[in-house]
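Worksheet for the structure shown next.
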Amino acid sequence: MISLSTEIAGLEFRNPILPAAGPIVRNGASLIEIANKGAGGLVAKTVSTEPAEVPRPNMAKIGDGLMNAELWSEIPLEQWVEKEYPKAKEAGLPLIASIGYTAEEIEEIAPQVAEAGVDGLEFSTHYLGHDPSPVVEAVEAAKSVVDLPVFVKLSPHVLDITDFAKSAEDAGADGIVAINTVGPALTIDVNSERPIMGSENGYGWLSGPAIKPIAVRCVADIARAVDIPIFGVGGIKDEQDVAEFLMAGASAVQICTAAITRGTKIFGLIADNLRKFMNARGYNSIEELSGVALRHLPEEPLRTTAKQPEVLTSDCTGCGLCVKHCTFDAVTIVGGKARIDPAKCTGCGLCVSVCPPEALRF
């Protein structure tokens, strides 16, 4: 029987698909909604000692992703402690409070959110620069005032993300969350000639599918550097993305952008489809799936000899996407099926990645 449950730092999640801190988890009611839509656990929007003054506009769709100039919660800490966290706890799922940002702020905030009944703490390094010392100080501050699991959310912009992860582990962190959004970035409204974001300089942060390969690489690097569990975050839209993060070494994932662009129903949908994915491939648990790709990373040699993809004619629909994408004119459709010319094929692999029915493989 397939089990989607996963245990991280003593917290039991019914499945490995959680929301990431952001506008979809802005208050207790939204957290309850996401629980009802099938999330395996909950992460609340980041709070700090003072409510944020969020610029507007602060979100824009960029392709399949988002640009955002969001900050931490606009709701006062006192309201989170007295109302929002207790409301979210009614869902009966593990609740992680995201808090920030300095050691001093965390030392002040952590005891208050702990008293509200949260089950773990996550804090972001988004604004802490390239020196891991503030991360160490923040972890030590949290661990000195509460007896809860502490998870450190890492930015992809640090000089060496494994150094940050190891420093956090050495300081007592119970897990890593990787990664935060990418940026700063800039988009211009060509009609008004102005930045789309209402923030200073019009800058924002990019999320969504474009950052997923960066996030997967960071998770794989961290997984080989530390012995504490990892939440993978960045560009997840379906069960295959979840499986990719798990194979790279994550024990669970967090989603925000896809829940904004496609609705919060995706939590249950992805969980159901992940179960089907695992069943089709013979995985019985998240633990079996976690880290299975890592054994291929250190030993995998640089491949320079062209290898022609195999066409699974029984699965090929003759849609022609492989023909359209092949820059070497090596693919044609013959008798309604793809055919590859070995004299022209360079083995680049693009056709394999665009085939909807997965009828091409190496």
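The values are calculated or read from the model by the stated rules, or taken from the named source; none is laboratory data. Here the structure is a predicted model, which is why all the values come from computation and not from measurement. Every residue, glycine among them, receives a Cβ derived from its backbone with ideal geometry; neighbour counts consider all protein chains shown.
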Going through V47, V54, V25, V43 one at a time, which residue ends up being surrounded by fewer than 21 Cβ atoms within 10 Å (Cβ to Cβ), under 17 Å from S98 (Cβ atoms), of a type outside the set (D, E, K, R) and assigned by TED's automatic domain parsing to the domain that holds E105?
V54
Given the conditions (1) surrounded by 20 or more Cβ atoms within 10 Å (Cβ to Cβ); (2) of a type in the set (K, R); (3) farther than 22 Å from L18 by Cα, and given that K166 satisfies all but one, which numbered condition is not satisfied?
(1)
Residue list for the range 247-267, filter: more than 17 Å from E7 (Cα to Cα) and β-branched (V, I, T)
I255, T257, I260, T261, T264, I266
For L294, only one of the following conditions fails: (1) surrounded by fewer than 20 Cβ atoms within 10 Å (Cβ to Cβ); (2) aliphatic (A, V, I, L, M); (3) in contact with a strand residue (DSSP E or B) (Cβ under 6 Å, 6 or more places away or on another chain). What is its number?
(3)
Within the range 194-211, is even one residue surrounded by fewer than 20 Cβ atoms within 10 Å (Cβ to Cβ), on the phi < 0 side of the Ramachandran plot, in contact with a helix residue (DSSP H, G or I) (Cβ under 7 Å, 6 or more places away or on another chain) and acidic (D, E)?
no
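Rundown of residues vs (1) part of a helix (DSSP H, G or I); (2) in the same structural domain as L121 (by TED's automatic domain parsing); (3) modelled with pLDDT of 95 or more, yes/no style:
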{"residue": "L206", "(1), (2), (3)": "no, yes, yes"}
{"residue": "I211", "(1), (2), (3)": "yes, yes, yes"}
{"residue": "I222", "(1), (2), (3)": "yes, yes, yes"}
{"residue": "A225", "(1), (2), (3)": "no, yes, yes"}
{"residue": "Q240", "(1), (2), (3)": "yes, yes, yes"}
{"residue": "L246", "(1), (2), (3)": "yes, yes, yes"}
{"residue": "F267", "(1), (2), (3)": "yes, yes, yes"}
{"residue": "Y283", "(1), (2), (3)": "no, yes, yes"}
{"residue": "P301", "(1), (2), (3)": "no, no, no"}
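Residue-by-condition table, conditions (1) aromatic (F, W, Y); (2) touching a residue at least 60 places away in the same chain (Cβ under 8 Å); (3) within 30 Å of V226 (Cα to Cα):
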site	(1), (2), (3)
I286	no, yes, yes
P309	no, no, no
S314	no, no, no
T317	no, no, no
F328	yes, no, no
G335	no, no, no
G347	no, no, no
Mind checking which residues of the range 68-87 are of a type in the set (A, V, I, L, M, F, W, C) and within 25 Å of G235 (Cα to Cα)?
A69, L71, W72
When restricted to K83, K37, the only residue basic (K, R) and touching a residue at least 60 places away in the same chain (Cβ under 8 Å) is K37
2 or more residues within 20 Å of the chain's Cα centre (by Cα) and farther than 28 Å from V158 by Cβ: qualifying helices (runs of 4 or more DSSP H) within the range 26-139
28-36
Since K276 meets every condition but one in (1) part of a helix (DSSP H, G or I); (2) in contact with an Asp or Glu (Cβ under 7 Å, 6 or more places away or on another chain), which condition does it not meet?
(2)
